[in-house]
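Peer 1: Before we start, here is the structure in question, set down as structure tokens.
The values are calculated or read from the model by the stated rules, or taken from the named source; none is laboratory data. A quick note: this is a predicted structure, and the numbers were derived from the prediction, not measured. All Cβ positions, even for glycine, are placed from backbone atoms using ideal geometry, and neighbour counts span all protein chains on display.
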Amino acid sequence: MTTYITTPIYYVNAQPHLGHAYTTIVADTYSRFKRLCGEDVRFQTGTDEHGDKIVEAAERENVAPKEYVDRISTMFRDTWPLLDIVPDNFIRTTDPDHIATVRNILQRVYDNGDIYFDEYTGLYCRGCERFLTEKELVEGNCPDHQVPPKEIAEQNYFFRMSNYQQRLIDHIRGNPDFITPERYRNEVLSFLSEPLEDLCISRPKSRLKWGIELPFDDKFVTYVWFDALINYLTGLGYPEGSDYAAFWPVAEHLVAKDILKPHAIYWPTMLMAMGVPLYRKLHVHGYWNVDDTKMSKSIGNVVRPGLLVEEYGIDTLRYFVLREMSFGLASSFSSEAITGRRNADLANDLGNLYSRTMAMVYKYRGGEVPEPAESGEEDDVLSAAVKAMVPIYREAMAEFRFHQALQAVWDLIGTANKYIVVNEPWTLAKDETKAVRLESVLYNLLECLRIVALVLQPVMPATAAKMMEGLGLDGKSDTDRFLDPGGNWGGLAAGTALKPVEALFPRLDRKKKKESKKEKSTAPKEKVREPALIDEGLISFDTFAQLDLRVAEIVAAEPVKKSEKLLALTVRVPEERVIVAGIAEYYRPSELIGRQVIVVANLKPAKLMGVTSQGMILAAREQVSGKDRLVLSTVSDTVAVGSTVS
Ligand code: MSP
């Protein structure tokens with residue numbers, strides 16, 4: 001059996017954020033799950049590097065497009081290992097083999113008569129990189145970018161998408177799983193109930209040079225979507241590679257709702273025109289918001305996966321996003337939500353079950369897996385709970401209902417915690433005549449933990465490995481047992497020596513974290529708890545050391561709506577964030593770009609006139625003839641952004 005799972009290839013006009021991380025964590029989890037089921041898996045992700053958006057972003061940074069795309073693509077590639085995401089292939093649309101594949105396909109479709117040249121006047125949205133129909137507009141604006149599209153008249157090449165409309169409708173109707181969840185299938189069918197227009201698949205070089213040149217007209221480059229979608233074939237070596245033959249028939253694409261139309265309409269009709277069988281499934285998920293607000297650079301609430309990992313750890317992040325989002329629906333991220341899940345589900349439910357069980361086996365049986373000699377009613381409760389969990393888990397994982405799969409595992413963890421309370425091993429340990437019963441109870445708990453570790457492997461690979469190591473197993477994945485963990489009840493061999501491992505999820509205690517940082521400083525330990533402000537109005541070195549001062553570069557500046565004093569500055573530290581500063585009376589936005597400034601990087605975010613400010617910019621304020629003058633702080637020579645100031 002084979003599985004081919006893909007994520008969208010991400011535009012390199014933005015750095016990786018929580019949304020990109022979610023889709024890629026899902027693909028990684030699914031590919032790990034399928035691999036543990038014994039399948040041969042290909043998991044592909046990558047970057048989409050042509051088109052208007054990318055040129056604009058490169059211009060903003062004053063660098064050539066190639067230099068720019070190399071930099072951001074590397075950023076995406078380097079982010080995934082930080083989340084324990086292991087793709088088999090990372091594709092870039094600037095790769096020479098991809099460019100060759102796109103040109104071959106275009107030539108074939110052109111030769112078959114499915115591409116024609118025409119004059120067109122249409123409403124073009126730069127954000128969407130496509131022409132919009134009148135019907136799509138909301139009060140004259142693009143519904144996604146809230147700006148009116150620009151009317152453009154030009155000659156271009158068009159793909160006869162409309163020729164394939166009925167075949168596509170028939171395919172979707174005949175294959176209920178082609179687009180899931182169902183709501184998105186219905187959305188696509190409803191869109192297809194209106195006549196489909198042909199797709200403009202070129203851009204004149206006079207308007208855009210950064211793209212793949214059409215093989216049949218060198219005055220045009222390929223429309224970015226026609227180029228990008230083909231990545232799914234290039235990655236398999238289409239048309240020749242053996243991977244293409246093995247994996248294309250099982251292709252499953254994973255996207256969010258924003259790019260439903262290109263994947264559910266453009267791509268299948270393109271495949272029809274190419275004479276290539278359609279992909280097997282399209283899985284569509286909803287959007288992550290942050291604190292119930294849309295994540296956006298201008299609001300300044302973009303969540304970076306690297307920072308989340310630093311704060312919460314890889315497995316907490318992976319667990320949180322998979323548990324919290326019902327696949328297909330929207331979800332909201334907040335630090336309270338992730339901390340809550342970490343403390344309740346991970347530290348409390350799972351972490352405590354693990355540490356209590358292990359501690360009891362050490363205490364009462366010298367750290368050795370005991371013999372399960374007796375089977376009482378409660379044991380059946382536990383093994384029955386395991387047997388009930390497994391099919392729910394497997395079906396839910398295979399159908400992208402990760403939250404339900406995890407819910408089933410946590411129901412089992414709850415049952416196991418109750419099992420401890422009901423059986424009171426500490427009481428059994430006091431009574432010699434109950435020794436056999438105690439062994440049985442401990443064995444059942446260990447066995448339950450082994451199965452929990454097995455099924456958590458795709459979601460939390462490091463935690464599962466740690467649990468297995470502690471249970472005296474080799475920590476490597478065990479396909480046979482994974483396939484039938486319930487039927488394998490009793491798989492843990494009596495006499496196995498447990499290994500001491502540290503707590504799975506030490507509680508997140510911010511105060512402690514800060515203190516331990518302080519402990520590294522030269523100040524003696526006792527001083528750590530001294531009040532921040534001491535009598536003479538002086539602060540201690542420790543208090544000063546709590547400030548995280550950094551050199552940052554201003555990359556964008558704009559006035560904050562309805563405020564005369566505030567500017568929203570996008571700064572790189574080196575990750576991008578927005579800081580709102582009361583400097584509008586002293587600086588014009590345009591004169592700020594490119595300046596290095598000093599920022600307080602660890603200030604609690606605060607909302608100012610509706611914009612979240614993530615830090616503070618330092619400036620000197622002097623009085624000149626009774627008036628304030630404000631001058632931004634900087635360093636006396638250019639230094640790398642993110643350098644600390646102390
Ligand atoms: N380059 C195109 C895709 C081409 S695929 C042939 C593109 N790129 S993108 O960078 O904009 O990525 C969009 C995808 O990123 C979404 O479909 C989703 O996978 C992920 N997400 C971006 N923001 C997201 C959220 N706020 N929430 C969830 N996922 C989001 O479109």
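Peer 1: Look through the stretch 10-33, keep the residues that are near the ligand (Cβ under 9 Å from one of its atoms) and of a type in the set (S, T, N, Q), and return whichever of them is farthest from the chain's Cα centre (by Cα).
Peer 2: Checked the stretch 10-33; the qualifying residue farthest from the chain's Cα centre (by Cα) is ASN13.
Peer 1: So, of the residues in the stretch 607-635 that are free of Cβ contacts under 8 Å to residues at least 12 places away in the same chain and in a strand (DSSP E or B), which turns out to be nearest to VAL645 (Cα to Cα)?
Peer 2: Step by step, filter the stretch 607-635, then rank; the result is ARG621.
Peer 1: Ok, one more. Output yes when any residue across the stretch 183-198 is within 16 Å of the ligand (Cβ to nearest atom) and either in contact with a His (Cβ under 7 Å, 6 or more places away or on another chain) or closer than 21 Å to ILE152 by Cβ (or both), and no when none is.
Peer 2: Checked against the condition, which is being within 16 Å of the ligand (Cβ to nearest atom) and either in contact with a His (Cβ under 7 Å, 6 or more places away or on another chain) or closer than 21 Å to ILE152 by Cβ (or both), the stretch 183-198 yields no hits at all.
Peer 1: May I ask you to say which residue of GLY235, GLY211 is assigned by TED's automatic domain parsing to the domain that holds GLY19, in contact with a His (Cβ under 6 Å, 6 or more places away or on another chain) and either within 16 Å of the ligand (Cβ to nearest atom) or under 30 Å from GLU324 (Cα atoms) (or both)?
Peer 2: One residue alone meets the criteria, GLY211.
Peer 1: While we're here: Taking the residues in the stretch 538-554 that are at pLDDT 90 or above and aliphatic (A, V, I, L, M) as candidates, determine which candidate is surrounded by the fewest Cβ atoms within 10 Å (Cβ to Cβ).
Peer 2: Across the stretch 538-554, the extreme among qualifying residues is LEU549.
Peer 1: Just to be sure, is GLY241 small (Gly, Ala, Ser), free of Cβ contacts under 8 Å to residues at least 12 places away in the same chain and either more than 24 Å from THR23 (Cβ to Cβ) or away from the ligand (no atom under 12 Å from the Cβ) (or both)?
Peer 2: Taking the combined requirement at face value, the residue satisfies it.
Peer 1: Which is surrounded by fewer than 19 Cβ atoms within 10 Å (Cβ to Cβ) and over 22 Å from ALA606 (Cβ atoms), of ALA330, ALA337?
Peer 2: Within the list ALA330, ALA337, the selection yields ALA330.
Peer 1: Which of the following residues is among the hydrophobic types (A, V, I, L, M, F, W, C) and more than 15 Å from the ligand (Cβ to nearest atom): VAL255, VAL290, VAL250, VAL224?
Peer 2: VAL250
Per-residue answers, yes or no, for (1) closer than 29 Å to ARG32 by Cβ; (2) exposed (fewer than 13 other Cβ atoms within 10 Å of the Cβ); (3) touching a residue at least 12 places away in the same chain (Cβ under 8 Å):
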| site | (1), (2), (3) |
| --- | --- |
| ASP84 | yes, no, yes |
| GLY122 | no, no, yes |
| PHE131 | no, no, yes |
| PRO143 | no, yes, no |
| GLU151 | no, yes, yes |
| ASN163 | no, no, yes |
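Peer 1: Right, next: Considering every residue within the stretch 46-54, establish whether at least one is within 13 Å of the ligand (Cβ to nearest atom), touching a helix residue (DSSP H, G or I) at 6+ places or on another chain (Cβ under 9 Å), part of a helix (DSSP H, G or I) and at pLDDT 95 or above.
Peer 2: no
Peer 1: Now for a separate question. Tell me, please, whether a residue that is more than 16 Å from the ligand (Cβ to nearest atom), in contact with a Ser or Thr (Cβ under 7 Å, 6 or more places away or on another chain), outside any loop (DSSP other than H, G, I, E, B) and not assigned by TED's automatic domain parsing to the domain that holds GLU575 can be found in the stretch 63-84.
Peer 2: no
Peer 1: Still on this structure: Find the residue count for the stretch 53-96, including only residues that are touching a Gly at 6+ places or on another chain (Cβ under 8 Å) and more than 30 Å from VAL459 (Cβ to Cβ).
Peer 2: 2
Peer 1: Provide a single number: the residues in the stretch 442-463 that are without any contact (Cβ under 8 Å) to a residue 60 or more places away in the chain and in contact with a Gly (Cβ under 8 Å, 6 or more places away or on another chain).
Peer 2: The number of residues fulfilling the criteria is 1.
Peer 1: Something else now. Tell me, yes or no, whether the stretch 294-307 has at least one residue that is exposed (fewer than 15 other Cβ atoms within 10 Å of the Cβ), away from the ligand (no atom under 11 Å from the Cβ) and outside any loop (DSSP other than H, G, I, E, B).
Peer 2: Taking every residue of the stretch 294-307 in turn, at least one turns out to be exposed (fewer than 15 other Cβ atoms within 10 Å of the Cβ), away from the ligand (no atom under 11 Å from the Cβ) and outside any loop (DSSP other than H, G, I, E, B).
Peer 1: Additional query: I'd like to check something: does the stretch 356-368 contain any residue that is in a loop (DSSP other than H, G, I, E, B), outside the structural domain of ALA14 (by TED's automatic domain parsing) and of a type outside the set (D, E, K, R)?
Peer 2: yes
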